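Heads up, the thing below is written out as structure tokens.
Any read-out appearing in this document is the output of simple, stated calculations on the displayed coordinates, not a laboratory observation. Since we're looking at a predicted model, the values are computed, not measured. Note that we place each Cβ from the backbone using ideal geometry, even for glycine, and neighbour counts take in every protein chain shown.
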Amino acid sequence: MLEVIDLSKSYGDLRAVDRVSFSLEPGEIFGLLGPNGAGKTTTISMIAGLLPPDAGKVRVDGLDLGQKPTEVKRRLGVVPQEIALYEDLTGKENLDFWGGIYGLSGRTLNARRDELLELVGLADRARDRVREYSGGMKRRLNLALGLVHKPRLVLLDEPTAGIDPQARLNILEVVRELASGGTSVLYTTHYLEEAEALCDRLAIMDHGSTLAQGSVAELKRELGDGSVITLTGIDRLDTLAVIAERTDGMSVIELGEERVMLGVAGGSAGLGPALEALYGGGLTPAQVQIKEPSLEDLFIKLTGRELRD
Amino acid sequence: MAAILALIRKDFTRRWRSPIATIVLFAFPFMMAGLIGSMSSGSSGGVPELTVFVLDRDEGLIGGLLSQGPPPSDDQIALRMEAVGEEGFARMEKGEASVMIVIDEGFSERAFDGEPVEFQLVRNPTESIKPEIAEQGLKVLSTYLDVVVKVLGDEISEFGDMIEADEMPTMLAVTELSSRVYKRLEVAGDYIFPPVVQITSVKEGADEDGEVEAGPNVFGYVLVMVAVMSVLFAAIRAISEIYEERNTGMVRRFLSTPVPISRFIGSKILFAVIFGVVVMGILLLSGGVLGWLGSDIPIFAVFLHTAAFSLAAAGLMVVVIGLVKTEKQAGILSWIIVMMMSVLGGSMFPAENFSGVMQQVARLTLNYWAVEGYLDMIVRDVSPLEVLPVSAALAAVGLVLSGIGFLLMRIRVREALA
């Protein structure tokens, strides 16, 4: 459904997007995960035809965006990060307007508008002016506007930023429903839990590049198929690094004075030998925490910092 | 086309939903017309002296009184009355007077006999505002004379006889006359009289019967002048919304649709034109309902002129707004330009009162051509066909400016995405 090939964009000396490539199948939810400034929005803007790429290609349904922008845009639904609504119009009027832009009219438009208002839970507030909506309601309407023409590919740029948990759940539910109906969804977020819970596959981005991509399970396997040990109060980091290198199945995720994170392969069976190696090496951590590996751990391993940094 | 219709409908709905700015657009010309009109029809200072020729073919007492002008008062219009002979018509054509009063032979005699009489007010066809002001002032004068003749007709006639007599009147006769005048004045307020002295207003070169239909008054003139400003402000409002929509992310959203951005900008220009026509239409209609404008307005020609001017206004605003980078700069610059054009182009002061140089400067403004076109059709009874070239020129200017502005706005919109 979507092919992004070596997409690049620079602003002066700043390489905002650097040879990013990925693809989406019909009905798939693909996440772009990364901190603010990672290049997610620039990537989406290029796919949406808002920004011309310096290099690379975007194909939607086999159509090249550079060659057939109008046909490509007809297949796209874009939900921008900023809430872009006419606040002096009602929710219904906003949907009618964007439906009209896409050439919908009459019964088709009415039916689609009512369907979307139901989908995002705004049917009972459809005739209220948008300025009277809560932040969550505006986000939901923002989403609905991008779906008014039944696009085959939806680009969602941080659709849950700054809203309450209930509105977030509603949006995630809508996204799942879209995907189950065959719509492909490209979803950017900096919420790890959201990406983990929602996306079939995802790419981790930082400084304009994709650092890793695959399904959540595949990505976690990059940390080993075991556990993550977090240690605090270690004052002999050199010794710890040597131990980690010599111990089978152990890898360093983060090595800092405040905290050390180690990946241990082999599931729970691998934990015993790992801890034995640490304590046998004379290390006496103040605190030891053992948990399943997460995308956060992978992000830290790939970038050396936490996602919220 | 469906997209453009959706865009225009959306803009109208938004205007309807946030009506305050629109109400101001409508209220502004009426406020200005009320203020300027009130000042022009009677205030101390600031009102230019208007020359009125009096052609007195009657050479009677009333003609003599009329030649003296209105009773001096701070509340009246400054009229300079000048007795002239038949050469007055030629002198007025040269611009020496705004109006000429023609008093026919036998006027005084018929008035004192209680017969309804009229004097003619011949307006200078090359002027619009001044003759109107003069007419308003002379109406006051005619009312004054009317009352004098109705109440004291016999006594004035008797008084005239006394003056013209060879012998001095007796004390008894003077006392008796004074007593009657006093009593008459004392009870005059209790009676209602039909009018005796009236004005018939004609333009030089009008039909032989001298009759003209009810035309616009001074409020109407000012309304037309200031309404032109409202159309410009309507254009500013419509075009500057491009920046507002850019800042709220709507333009970005629009650019992700298959509809080209040219339609978005084009729809704004089209909306400005339609909105300008609606604004001017409502203002002129309201002026007509209030009796400020005449009833014989050539509607289709005025509509064409309005559409042409609205296009020129929209074109100018899209250029002005396209030249700057922020909504704030756009607001300030466009406001300054509109005010300057309005002052220099005859929307705030009649351009016909400008000096020669300033009249040339006025011609560089859109306001001048718009106001002149309206005044020609609504006030001066100029054939709409004669105004058509002005309308066509405004439309052409509008098309050129819209084209330039369109290119500038495309750049501005693209810049916002970079």
> For the residue pair B:Ala90 and A:Ile290, what label-to-label distance in nm results when each label sits 7 Å from Cα along the Cα-to-beta-carbon direction?
Replying inline: 12.4
> Measuring from centroid to centroid over Cα atoms, what is the spacing of segment A:97-171 and segment A:231-268 in Å?
Replying inline: 48
> What average number of partner chain Cβ atoms lie no more than 10 Å from the Cβ of the residues making up A:193-201?
Replying inline: 0
> Of the GluC sites (Glu not before Pro) in segment A:199-256, which ones lie in a loop per DSSP and count no more than 13 other C-beta atoms within 10 Å?
Replying inline: none
>> I need the Debye-formula profile for chain A: one equal scatterer per C-alpha, no solvent, reported as log10 I(q)/I(0) at q = 0.06, 0.10, 0.13 1/Å, two decimals.
In response: -0.26, -0.64, -0.93
>> How would segment A:7-67 be classified by its alpha-carbon gyration tensor: rounded, prolate or oblate, with rounded meaning a/c under 1.5 and the a/b versus b/c comparison settling the rest?
In response: oblate
> Rounded, prolate or oblate: which one fits segment A:96-189, using the alpha carbon gyration tensor with axes a ≥ b ≥ c (rounded when a/c is under 1.5, else prolate when a/b beats b/c, else oblate)?
Replying inline: oblate
> Of the cross-linked pairs A:Lys68/A:Lys150; A:Lys40/B:Lys268; A:Lys40/A:Lys138, which ones have a Cα-Cα span greater than 30 Å in the structure shown?
Replying inline: A:Lys40/B:Lys268
> Which ³J(HN,Hα) values, rounded to whole Hz and listed in residue order, are derived for segment A:185-190 from phi using the Karplus coefficients 6.51, -1.76 and 1.60 in 6.51 cos²θ - 1.76 cosθ + 1.60 with θ = phi - 60°, glycine and proline given as x?
Replying inline: 10, 9, 10, 9, 7, 10
> Roughly what would the spin-label model give for A:Arg131 and B:Ile404, points 7 Å off Cα along C-beta, in nm?
Replying inline: 3.6
> Whose amide H sits under 5 Å from the amide H of B:Ala83, counting only residues 5 or more places off or on another chain, with H placed in the peptide plane?
Replying inline: B:Val54
> What ratio of Cα Rg to 2.2 N^0.38 Å holds for segment B:261-377?
Replying inline: 1.16
> Which of rounded, prolate, oblate describes segment A:29-177, given a ≥ b ≥ c as roots of the alpha-carbon gyration tensor eigenvalues and a/c under 1.5 marking rounded, otherwise prolate only if a/b is larger than b/c?
Replying inline: oblate
> Between A:Thr239 and A:Arg19, what FRET efficiency follows from the Cβ-Cβ distance if R0 is 35 Å, with the result rounded to 0.05?
Replying inline: 0.35
> Could you give the nm distance between label points at A:Leu271 and B:Gln359, where each point is 7 Å from its Cα heading toward the beta carbon?
Replying inline: 10.1
> Which residues' amide hydrogens lie under 5 Å from the amide hydrogen of A:Gly208, considering only partners 5 or more residues apart or on another chain, with H built in the peptide plane?
Replying inline: A:Gly39
> Once every DSSP H run of n ≥ 4 in chain A is given -39500 (n - 2.57) and the sum is divided by its residues, what mean residue ellipticity at 222 nm do you get, rounded to the nearest 500 deg cm²/dmol?
Replying inline: -11000 deg cm²/dmol
